[in-house]
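Structure record follows, encoded as structure tokens.
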């Protein structure tokens, strides 16, 4: 399985969604976490050979999503959008589930409040899983 991540900067502009789907097909990726989708609400849309799960955009700002190739879309157990910057997808694997966390961290120039809110979103994401060995690494920030 091939994974990727991409800050698309915006899928709100005309033609950018189709262009992104074409680009993903070129790289033959099975799952891609994308940031700055800038679409309102949550939903699923067909995009070429992929299904696009998106959510939590706010007034066409931020938002995250996942492009999932049609070959593995049946293994998607859950997609959750915790905030406009944090989401995760759970895939059914052969021996165990695969959890992919998709985050879009605020830049250094953003306010301390937005950074704290971001960290709360990540902690909320980790708290939904029964066992997370790396949870303590978040507390160091």
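The values are calculated or read from the model by the stated rules, or taken from the named source; none is laboratory data. Since the model is a prediction, treat every value here as computed from it, not as a measurement. Neighbour counts are summed over all protein chains in view; Cβ atoms, including those assigned to glycine, are modelled from backbone coordinates with ideal geometry.
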Tally up the residues in region 37-61 that are surrounded by fewer than 18 Cβ atoms within 10 Å (Cβ to Cβ) and not in a strand (DSSP E or B), please.
4
Would you pick out the residues in region 37-77 that are modelled with pLDDT of 85 or more and under 12 Å from the mean Cα position of the chain (by Cα)?
52, 53, 54, 64, 65, 66, 67, 68
For region 9-36, enumerate the residues that are in a loop (DSSP other than H, G, I, E, B), closer than 22 Å to residue 105 by Cβ and at pLDDT below 80.
9, 10, 11, 12
